[in-house]
Amino acid sequence: MKKAFLLLAGLGLLASAAPLAAFEDDGLSEAAVSTDAVKNGDEDETQPLIQESDEDLAAFVTDYITKDIQLKGAFLLEDKPAQKVLKLKLASVEQKSSNGDNDVKKIKALFKDAAGKKYTIIFHVRRGTWGDLDIFKIEIAPAAPAAAKTGR
């Protein structure tokens, strides 16, 4: 049984190598594809518009967060000012997006840490190179300023 398997595997390798050898014998082993870099001078630099509904964008962000939590056990995000990594659990994702610069959409999500502290995280979404959605920036929303106290 082992000999039959080895014989079939060997025949398979020979069969796949034969066209390659013929290709190389004809002197065609060089790729016929240009390796020159694409010149971006004449191309339009603007990103295509995001045409998904707010619900679709929220579902996209929710799916991203869910997959990240499944991989790592929590949503990990660096808090640069505090110089620590936050280990967060998803509380909710807003179903409305807001507009950013250059056709960027922003989706906010509410997270909680183990101590119960809440964080609003902003996901910046745009069209990717191949037309799909791309989350290219994730940031912690600035804390809301404390209400001004008026004492009379």
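The values are calculated or read from the model by the stated rules, or taken from the named source; none is laboratory data. None of the values given here were measured: they were computed from a predicted structure. In this analysis, Cβ positions are derived from the backbone assuming ideal geometry, glycine residues included, and neighbour counts consider all displayed protein chains.
Values as computed for the structure displayed
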{"item": "Qualifying residue in the range 95-107 (condition: small (G, A, S), under 23 Å from L71 (Cβ atoms) and either modelled with pLDDT under 95 or not in a loop (DSSP other than H, G, I, E, B) (or both))", "result": "no"}
{"item": "Unmet requirement for R126, which otherwise passes all of (1) at pLDDT 95 or above; (2) part of a strand (DSSP E or B); (3) not aromatic (F, W, Y)", "result": "(1)"}
{"item": "Residue selected from the range 71-97 under the condition among the polar types (S, T, N, Q) and over 13 Å from T120 (Cα atoms), by the criterion surrounded by the most Cβ atoms within 10 Å (Cβ to Cβ)", "result": "S97"}
{"item": "All positions within the range 107-135 that are more than 16 Å from L77 (Cβ to Cβ) and either basic (K, R) or under 16 Å from the mean Cα position of the chain (by Cα) (or both)", "result": "V125, R126, R127, G128, T129, W130, G131, D132, L133, D134"}
{"item": "Any pair with Cβ under 8 angstrom, 6 or more apart, that starts in the range 130-152 at a residue that is over 20 Å from L88 (Cβ atoms) and ends at one that is modelled with pLDDT under 85", "result": "G131/P48; L133/I50; L133/E52; D134/G128"}
{"item": "Selected residue (only one of D68, D56, D63 is within 16 Å of I107 (Cβ to Cβ), charged (D, E, K, R), surrounded by 12 or more Cβ atoms within 10 Å (Cβ to Cβ) and at pLDDT 95 or above)", "result": "D68"}
{"item": "Matching residues in the range 88-106 - criterion: being touching a residue at least 24 places away in the same chain (Cβ under 8 Å), closer than 27 Å to G73 by Cβ and among the basic types (K, R)", "result": "K89"}
